[in-house]
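Notes follow the structure.
Each value in this text was obtained by applying a stated rule to the coordinates, not by laboratory testing. Quick caveat, the model's predicted, so the values are computed rather than measured. Heads up, the Cβs are rebuilt from the backbone with ideal geometry, glycines too, and the neighbour counts pull from every protein chain shown.
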Amino acid sequence: MVGTCTALHLQQRGFEVCLVDRRRPGEETSFGNAGLIQREAVEPYPFPQDPASVANALLGRGAAVNWHARGLWQMGRPLLGYWRASRPAGHARATAAYSRLIAHAIDEHAPLIAAAGAEDLVVREGYRFVFRSAGALDAAARRAQDLQQQFGVRHTVETPEALAQAEPALRAGLAGAVRWLDPWAVRDPGALVQRYAALFVQRGGALLEGDAATLRATANGWALKTTVGTVGAAQAVLALGPWSGDAIRGLGYRFPLFVKRGYHQHYHPPALLGCPVFDAERGYVLAPMQRGLRLTTGAEFAPVDAPATPVQLARAEASARELLDLGKPADEPPWLGARPCTADMLPVIGPAPRHPGLWFNFGHAHQGFTLGPVSGLLVAQMVSGQPTVVDPAPYLPARFC
Ligand SMILES: Cc1cc2nc3c(=O)[nH]c(=O)nc-3n(C[C@H](O)[C@H](O)[C@H](O)COP(=O)(O)OP(=O)(O)OC[C@H]3O[C@@H](n4cnc5c(N)ncnc54)[C@H](O)[C@@H]3O)c2cc1C
């Protein structure tokens, strides 16, 4: 999503653009997410600070968190930085910067969805956080009220009766819900990226297969090997999602990056939900998709390429079966992807500090599907020296140098 949107925005500014991927666009992380364009996500996802959540995470209890020892070892330093940055003052600072980008998420997706002819993929019914206990619902309702006042993200609080009427597929017995009114839900996230990529090609862009590991500085800029030969350009943007860390290490950068892996599995319930549901006290999402009801899991701290260990899927499935008749799982192996994260919870958008003509656009963590268009716009504006949609300062790569 991030690379494709960057290509579209550069192209729109008159650059001749070549989008290179080792696969096709929309087949990796942006394929398997929950498909939410999360206008409500004004706060980046913090490392939990309360002792009960930390204990649950460390003991690998529940569906929200799992970890591999090798992952904790490899990602120890950035994770420590993440934990520190998640303290109230740091999180408030990150929220101030994050919310400014999120504010443009819908406005920047909307024209691309229209131009790409992708309206059939989008549902505008909002996003529900459901609660099992009245205490958790009350706390979430108070927080939602604060966020609405501070950032204008609209919501309603639903009683058990209102929730039952809105989502008859859910079993009775829930305490109620917070329904965010602004988010949009995409019923096939990979297909949306593919439609954006098709728009890029239709407007004259070149889509090539190649490996970013072959990127080299040249006398005139940058060169990269592709299956149809070497391509050269005055400027290059690296937008490799969870693989960005490997690529920039090769260039001598040591940014505090890590991944939070996540799984999905589709189910075929007798009745689909009207809009995506977050089981807030258990930490997983149920999102209606064209392929069925997609269950997506929370965070797994493990190396990006380590074998799949879908224990959270099994736990989340058991919780989901308490909420509704989930039906049979689709006959497919669980999907595994990795959220590209930074220690300070902000994406990395801007010029590479020590490499003229090289730009970075990665690290969008839990909301890269949401933020692709506005991040692409921001990079394209910086590359072309135009005024920017938001002040880029908080996201600049130089903050880690
Ligand atoms: C379970 C789960 C649920 C999520 N739900 C949501 C959600 O509802 N809403 C939301 O906004 N976000 C969500 N996210 C986060 C979101 O999916 C990611 O932040 C986003 O997809 C990242 O996009 P990207 O373009 O940076 O990375 P990717 O989509 O992974 O794209 C990176 C691209 O780089 C290519 N590439 C990698 N290495 C090389 C190389 N060496 N050479 C050439 N090409 C290369 C890959 O092939 C790929 O096409 C979720 C994530 C997970 C795991």
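How would the range 49-88 be classified by its alpha-carbon gyration tensor: rounded, prolate or oblate, with rounded meaning a/c under 1.5 and the a/b versus b/c comparison settling the rest?
Numbers: a/c = 2.60, a/b = 1.04, b/c = 2.50.
Note, shape of the range 49-88 comes out oblate.
From the C-alpha gyration tensor of the range 300-348, pull out the three semi-axes of the equivalent ellipsoid (sqrt of 5λ each), sorted largest to smallest, in whole Å. Could you put the intermediate results ahead of the total?
On the way: eigenvalues 150, 44, 19 Å².
Equivalent ellipsoid of the range 300-348: 27, 15, 10 Å, largest first.
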Report task. From zero up to wherever the largest Cα-Cα distance of the range 61-113 sits, split into 10 Å bins and tell me the percent of pairs in each. Result -> 19, 28, 30, 21, 2
Query raised in the report: Going by alpha carbons, how many degrees (0 to 90, nearest 10) lie between the helix axis of 105-115 and the longest principal axis of the chain?
Result: 70
Report task. Can you tell me which of 27-37, 223-233, 104-114, 71-81 comes out highest on packing, and rank the rest after it, using the mean Cβ neighbours within 10 Å? Result -> 27-37, 104-114, 71-81, 223-233
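Quick check: convex hull of the Cα atoms in the chain, volume per residue, rounded to a whole Å³? Walk me through the numbers before you get to the answer.
On the way: hull volume 53.6 nm³, N = 401.
It comes to 134 Å³ per residue, whole-number rounded.
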Report summary line: In units of 2.2 N^0.38 Å, the Cα radius of gyration of the range 85-167 is 1.38
Report summary line: Computed over the chain: longest principal axis from alpha-carbon atoms vs helix 2-12 long axis, angle to nearest 10 degrees, is 50
Query raised in the report: For ARG124 and LEU58, FRET efficiency with R0 = 41 Å and r from the beta-carbon atoms, rounded to 0.05?
Result: 0.55
Query raised in the report: What distance in nm separates the simple spin-label points at ALA110 and SER133, each placed 7 Å from Cα in the Cβ direction?
Result: 4.0
Report summary line: Averaging 1/r across every pair of distinct alpha carbons in the range 302-401 and inverting yields a Kirkwood hydrodynamic radius, in angstrom, of 16.6
Query - Reciprocal of mean inverse Cα separation for the range 135-275 (Kirkwood radius, Å) - result: 20.5
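Under the rule of -39500 (n - 2.57) per DSSP H run of 4 or more residues, summed and divided by the residues of the chain, what mean residue ellipticity at 222 nm is obtained, to the nearest 500 deg cm²/dmol?
Working: 13 runs with 139 residues, N = 401.
Computed mean residue ellipticity for the chain: -10500 deg cm²/dmol.
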**Report entry** ALA330-THR218 FRET efficiency (beta carbon distance; Förster radius 41 Å; 0.05 resolution)
**Finding:** 0.30
Report task. Quick one: among VAL122, VAL54, VAL285, which has the greatest mean-square fluctuation in a GNM of the chain with alpha-carbon springs under 10 angstrom? Result -> VAL54
Report task. Report the equivalent ellipsoid semi-axes for the range 143-218 in whole Å, largest first, defined as the square roots of five times the eigenvalues of the gyration tensor built from alpha carbon atoms. Result -> 43, 18, 13
Query - Phi-based couplings in Hz for the range 327-344 (Karplus 6.51, -1.76, 1.60; Gly and Pro marked x) - result: x, 7, x, 5, 7, 7, x, x, 7, 10, x, 9, 6, x, 10, 10, 5, 9
Requested in this report: Using only Cα atoms, find the angle between the long axis of helix 134-151 and the longest principal axis of the chain, and express it within 0 to 90 degrees, rounded to the nearest 10.
Outcome: 40
